[in-house]
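Below is one structure; the comments refer to it alone.
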Amino acid sequence: MATYKAPLRDMRFVIYELHRGDELAQLPGFEEITPDLIDPVLEEAAKVCEEILFPLNRSGDEEGCVFENGVVRTPKGFQEAYRTFRQGGWTSIACDPAYGGQGLPHSVAILIDEMISSSNLSFGLYPGLSYGAYVALHSHGSDALKTMYLPKLVEGVWSGTMCLTEPHCGTDLGLLRTRAVPQDDGSYRITGTKIFISAGDHDLTEKIVHLVLARRPDAPPGIGGISLFLVP
C-alpha cells in the first residue's frame, strides 16, 4: 500500500544548516520567525499532507473532475479537504498580514508547498494557482483591486487562475488575439478564447478570479502590447 511521509528531517537540514534559516529572525519583520515557530508549522503541514491530502491522491486521479449541468465537480473528498485546508490557514502562509496573511517567509512556504505537491499535486494546483494570482495582484494591482480581492484570496474563500494560452498559440504569446476594449465606466469588454486554464472552474470556492492576458485596441504588436486584466 502506498504511503507518504513528509521528509521533515531533510527539510530542517535544508532550511537551518544549508540556508541558515535560524537567522531569519534577524531580518526586519521576521523577529518571531525562529525554529520554535517554524518547526511546529512544518509538523502540522506534514499531518495535513499525510492524513488528508495523500489519501485522496489516487482516488482523485482515478475519478477526475466531472463537468455536469454546467458545473465542474471536483473528485470525492476534495471539497472537504479544501475546507479543512482553508480553515487551517494554509492558503495564507506567506501572504501579507495587511490582507489577512500570516507573513511567513517564502523559504518556509516553499517547504509546505513541496509537501503538498508530493502528497497530492492535483489538489495542490488549486491553492497554488490562487497564490500565483495573489502575488501578481499584490505586486501590480491598484489599491482598489487589492482591497477588494486580496483578503478573499488570502482567506481562500475565493481562488485565482492565470488565463494565457489560446488555441492558435501555446508558447508564443506574441500571437495572442484576445482583445480588451475600454468601456465608458472604466471597465473593459474582453473577447477571445483561452484553453488549458488550470483550476479554471471548480466547486471549491465561492468565486474564481481570472487574470486574463489580452490586448487593448491601441496596443503594439508582440508581447510588449499585452496587458493583464482581472475578470471575476
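The values are calculated or read from the model by the stated rules, or taken from the named source; none is laboratory data. Computed from a prediction, not measured in an experiment: that's the story for all the values here. When we count neighbours, we look across all protein chains shown, and the Cβ atoms used for this are built from the backbone with ideal geometry, even at glycine.
What to note about this one:
- For the range 148-173, filtering for residues that are touching a Ser or Thr at 6+ places or on another chain (Cβ under 8 Å), in a strand (DSSP E or B) and more than 19 Å from D203 (Cα to Cα) leaves 1.
- Checked against the criterion of being over 27 Å from V72 (Cα atoms), modelled with pLDDT under 95 and over 22 Å from the mean Cα position of the chain (by Cα), the candidates P217, P221, P182 yield just one match: P221.
- Scanning the range 179-194 for residues that are part of a strand (DSSP E or B) and either among the aliphatic types (A, V, I, L, M) or farther than 18 Å from H168 by Cα (or both) yields A180, V181, P182, Y188, R189, I190.
- From the options G141, G132, G124, residue that is of a type outside the set (F, W, Y) and within 20 Å of T84 (Cα to Cα): G124
- The range 69-85, subset within 22 Å of D113 (Cβ to Cβ) and among the β-branched types (V, I, T), residue surrounded by the most Cβ atoms within 10 Å (Cβ to Cβ): T74
- Count of the range 147-179 residues, restricted to those that are β-branched (V, I, T), over 13 Å from the mean Cα position of the chain (by Cα) and surrounded by 13 or more Cβ atoms within 10 Å (Cβ to Cβ), is 2.
- In the range 98-111, the residues that are buried (at least 21 other Cβ atoms within 10 Å of the Cβ) reach residues that are part of a helix (DSSP H, G or I) with C-beta atoms within less than 6 angstrom, at least six apart or across chains, in these pairs: G101/S92; G101/V154; V108/I38; L111/M11.
- Search result, residues across the range 135-171 that are under 15 Å from S227 (Cα atoms), without any contact (Cβ under 8 Å) to a residue 40 or more places away in the chain and aliphatic (A, V, I, L, M): none
- Some residue of the range 115-122 being hydroxyl-bearing (S, T, Y), more than 29 Å from D10 (Cα to Cα) and either modelled with pLDDT of 95 or more or surrounded by 21 or more Cβ atoms within 10 Å (Cβ to Cβ) (or both): no
- Being more than 12 Å from the chain's Cα centre (by Cα) and at negative phi is a property that does not hold for A94.
- If you filter the range 185-226 down to residues that are without any contact (Cβ under 8 Å) to a residue 40 or more places away in the chain and in contact with a Cys (Cβ under 6 Å, 6 or more places away or on another chain), you find that the one that is nearest to V71 (Cα to Cα) is I197.
- Among the residues listed as G60, G29, the single one being small (G, A, S) and over 18 Å from S118 (Cβ atoms): G29
- Qualifying residue in the range 124-131 (condition: aromatic (F, W, Y), in contact with a helix residue (DSSP H, G or I) (Cβ under 9 Å, 6 or more places away or on another chain) and touching a residue at least 60 places away in the same chain (Cβ under 8 Å)): yes
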